[in-house]
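Engineer: Questions regarding the structure given below will be posed in turn.
The values are calculated or read from the model by the stated rules, or taken from the named source; none is laboratory data. Please read these numbers as outputs of a predicted model, since none were measured by experiment. Note that each Cβ is placed from the backbone with ideal geometry, even for glycine, and that neighbours are counted across all protein chains shown. We work out accessible area using only protein heavy atoms, side chains counted, and drop any ligands, DNA or RNA first. Shrake-Rupley method; radii C 1.70, N 1.55, O 1.52, S 1.80 Å.
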Amino acid sequence: MDLQTSQHYATSVRLARSAMAYVLAGGRGSRLLELTDRRAKPAVYFGGKSRIIDFALSNALNSGIRRIGVASQYKAHSLIRHLQRGWNFFRPERNESFDILPASQRVSENQWYLGTADAVYQNLDIVEGYEVEYIIILAGDHIYKMDYTVMLQHHVDSGADVTVGCIEVPRMEATGFGVMHVDESNRIVQFLEKPTDPPAMPGKPDTALASMGIYVFQTKFLHELLCRDAADPHSSHDFGKDLIPYIVKNGKAVAHPFSDSCVRSDHESEAYWRDVGTVDAYWEANIDLTDVVPALDLYDHNWPIWTYGAIVPPAKFVHDEDGRRGEAISSLVSGGCIVSGATLRRSLLFTGVRVNSYSRVEGGVILPYVDIGRYCSLKNVVIDRGVTIPEGLVVGEDTELDAKRFRRTEKGICLITQTMIDKLPK
């Protein structure tokens with residue numbers, strides 16, 4: 001390691017150790033329909049063994065950040081249980097901490113978290129108790145790999161009051177995001193929440209800069225900002241709607257391009273970031289992992305995705321006769337699964353799934369502990385955790401029948417839950 005590299009590494013370590021990651025994980029994610037009936041969006045399963053929130057948390061851990069807080073609110077039990085099981089290895093004696101911060105009426109006896117900013121404000125005393133210099137605010141519901149120390153360094157070098165993580169998106173697809181209008185130096189001159197006519201980037205008329213929901217602040221500045229916002233009766237107490245526009249107008253806000261800090265292995269060609277906020281997007285992102293060379297590399301040992309690892313036996317494939325052969329083609333099969341005389345094609349099975357004889361699954365995202373009966377034919381489905389699929393069920397051949405029985409999306413993906421199965425004619 002040369003002197004310059006050594007100095008850069010030392011600076012990154014110092015910045016990481018002086019920062020806290022604060023993950024906002026309280027949202028429902030209603031566009032995921034029944035997948036979030038019993039769990040918050042950050043707790044939704046992804047990639048065979050992970051939850052969505054594991055990506056933001058793993059980014060923080062891999063970046064060297066050892067102070068992490070997670071604010072939860074909507075139906076938080078599944079999320080909290082996962083965090084307790086999978087993220088309980090932080091040690092106070094090593095100056096590490098991992099706090100779960102559910103809405104607990106700490107400011108008022110009748111006030112839950114009113115918005116993303118309020119979810120931080122209500123826990124300011126806890127945050128400040130760690131005496132960190134910087135706070136990184138993270139959304140807990142996106143899939144990506146990012147080195148936060150690069151963004152931290154950008155924040156320090158620019159002298160910004162806030163640095164906003166951003167991605168480039170086609171301009172007219174940016175209407176669902178917070179969009180930044182920047183000058184040539186990446187200083188934000190305007191911040192618009194979900195505009196109907198998003199502003200273009202300088203020199204790129206068909207491209208807009210969209211917020212990733214990642215913000216870097218100095219702790220002292222954030223404290224003053226949140227207190228001012230809390231006292232404003234007209235505020236919705238939201239970072240994107242209130243705080244960031246205020247800083248753009250009254251201070252210095254800088255955009256940080258995701259491409260500068262995105263973590264990519266040798267097998268990843270794009271700066272991968274996905275908002276899996278709809279059933280179609282969720283299915284596509286999971287199924288994409290079955291590609292020979294997927295856009296997201298989960299096998300990168302240099303940037304592992306940490307999660308809770310269930311103690312289960314290896315996956316098992318049994319029977320070898322015509323029409324009854326346990327096999328999986330272009331598929332991901334997690335531990336504890338049994339493929340018993342069934343065929344999988346371009347599918348992803350989470351922990352503990354059983355697929356019984358003479359069944360075929362193609363384009364299936366099958367959540368943990370699903371039991372698929374014999375003689376089933378399932379195509380382009382998302383099946384919720386613990387569902388028992390009855391013998392002989394056919395999905396993906398009759399669109400009208402599928403739409404009557406299950407949640408069928410515009411792109412033809414069928415979401416199946418146990419409640420829907422229970423309503424089927426016997």
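Engineer: Only one residue in Ala285, Ala255 is under 30 Å from Gly159 (Cα atoms), of a type in the set (A, V, I, L, M) and open to solvent by less than 20 Å² (accessible area, probe 1.4 Å), so which one is that?
Structural biologist: Ala255
Engineer: Also, quick follow-up: If you check Ser72 against the conditions, is it over 23 Å from Ala117 (Cα atoms) and surrounded by 24 or more Cβ atoms within 10 Å (Cβ to Cβ)?
Structural biologist: no
Engineer: Same structure, new question: Being surrounded by fewer than 18 Cβ atoms within 10 Å (Cβ to Cβ), at negative phi, part of a loop (DSSP other than H, G, I, E, B) and of a type outside the set (A, V, I, L, M, F, W, C), is that true of even one residue in the stretch 210-228?
Structural biologist: no
Engineer: It is to be established whether one or more residues within the stretch 299-312 are within 25 Å of Lys411 (Cβ to Cβ), part of a loop (DSSP other than H, G, I, E, B) and in contact with a Leu (Cβ under 7 Å, 6 or more places away or on another chain).
Structural biologist: Looking through the stretch 299-312, none of the residues is within 25 Å of Lys411 (Cβ to Cβ), part of a loop (DSSP other than H, G, I, E, B) and in contact with a Leu (Cβ under 7 Å, 6 or more places away or on another chain).
Engineer: Would you list the helices (runs of 4 or more DSSP H) that sit entirely within the stretch 77-180 and hold 2 or more residues that are at pLDDT 95 or above, open to solvent by 20 Å² or more (accessible area, probe 1.4 Å) and among the basic types (Lys, Arg)?
Structural biologist: 77-86
Engineer: Return only the number of the condition from (1) surrounded by 14 or more Cβ atoms within 10 Å (Cβ to Cβ); (2) without any contact (Cβ under 8 Å) to a residue 24 or more places away in the chain; (3) not small (Gly, Ala, Ser) that Arg324 does not satisfy.
Structural biologist: So the condition that Arg324 fails would be (2).
Engineer: When the residues of the stretch 313-358 are filtered to those that are of a type in the set (A, V, I, L, M) and touching a Leu at 6+ places or on another chain (Cβ under 6 Å), which remaining residue is farthest from Asn286 (Cα to Cα)?
Structural biologist: Among residues in the stretch 313-358 that are of a type in the set (A, V, I, L, M) and touching a Leu at 6+ places or on another chain (Cβ under 6 Å), the one farthest from Asn286 (Cα to Cα) is Ala328.
Engineer: Next question. All but one of (1) touching a residue at least 24 places away in the same chain (Cβ under 8 Å); (2) open to solvent by 10 Å² or more (accessible area, probe 1.4 Å); (3) charged (D, E, K, R) hold for Asp54; which doesn't?
Structural biologist: Only one criterion is unmet by Asp54, namely (2).
Engineer: Could you count how many residues in the stretch 17-49 are open to solvent by 10 Å² or more (accessible area, probe 1.4 Å) and in a strand (DSSP E or B)?
Structural biologist: The number of residues fulfilling the criteria is 2.
Engineer: What do you reckon, is Glu184 modelled with pLDDT of 90 or more, open to solvent by 60 Å² or more (accessible area, probe 1.4 Å) and assigned to a loop (DSSP other than H, G, I, E, B)?
Structural biologist: Spelling it out, it is not the case that Glu184 is modelled with pLDDT of 90 or more, open to solvent by 60 Å² or more (accessible area, probe 1.4 Å) and assigned to a loop (DSSP other than H, G, I, E, B).
Engineer: Within the stretch 340-393, restricting attention to residues that are under 20 Å from Asp320 (Cα atoms) and aromatic (Phe, Trp, Tyr), which residue is surrounded by the most Cβ atoms within 10 Å (Cβ to Cβ)?
Structural biologist: Looking at residues that are under 20 Å from Asp320 (Cα atoms) and aromatic (Phe, Trp, Tyr), I get Tyr358.
Engineer: Among the strands (runs of 3 or more DSSP E) contained in the stretch 330-426, which hold 1 or more residues that are farther than 19 Å from His319 by Cα and under 23 Å from the mean Cα position of the chain (by Cα)?
Structural biologist: 360-366, 377-383, 414-416
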